[in-house]
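Report on the structure given below.
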Amino acid sequence: MTTNIAKLKSAKGAPPPADDAPDVIADDTRPEKVELRPLQVRIPRTVFEEFSERAGREFGFSHGAKKQLFLKMWETYKAQNM
């Protein structure tokens, strides 16, 4: 979507009229939100670094990689023990 800046030149002191834009909040197609709870543990630095490295290699070196690795490990654990 591009902004029409020509509107800015003609409306001295007043904001430009709102463009017709879709209601992105009403059209939210994301899955239902799940309540999140923190899980905090203290582990040796070497284990943390190894876990972080593995998470980065498997899920990309970005925000949320360790969480994704933990959830994958949890699902694997449940599948083997239930």
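As an exercise, use a Förster radius of 35 Å and the Cβ-Cβ distance of N4 and F59 to find the FRET efficiency, rounded to the nearest 0.05. Calculated transfer efficiency: 0.30. Segment A79..F51, full-extension length gain: 8.0 nm, with 0.36 nm per residue of separation and the alpha-carbon distance subtracted.
Restricting the calculation to Cα atoms, every distinct pair contributes to the Kirkwood radius of the stretch 26-82, found to be 13.5 Å. Rounded to the nearest 10 square angstrom, V34 shows an accessible area of 110 square angstrom against a 1.4 Å probe.
The values are calculated or read from the model by the stated rules, or taken from the named source; none is laboratory data. Computed from a predicted structure; not experimentally measured. For neighbour counting, all protein chains shown are included, and Cβ atoms are generated from backbone atoms with ideal geometry for every residue, glycine included. Just so you know, the surface numbers come from the protein's heavy atoms only, side chains and all, with ligands and any DNA or RNA stripped out. Shrake-Rupley method; radii C 1.70, N 1.55, O 1.52, S 1.80 Å.
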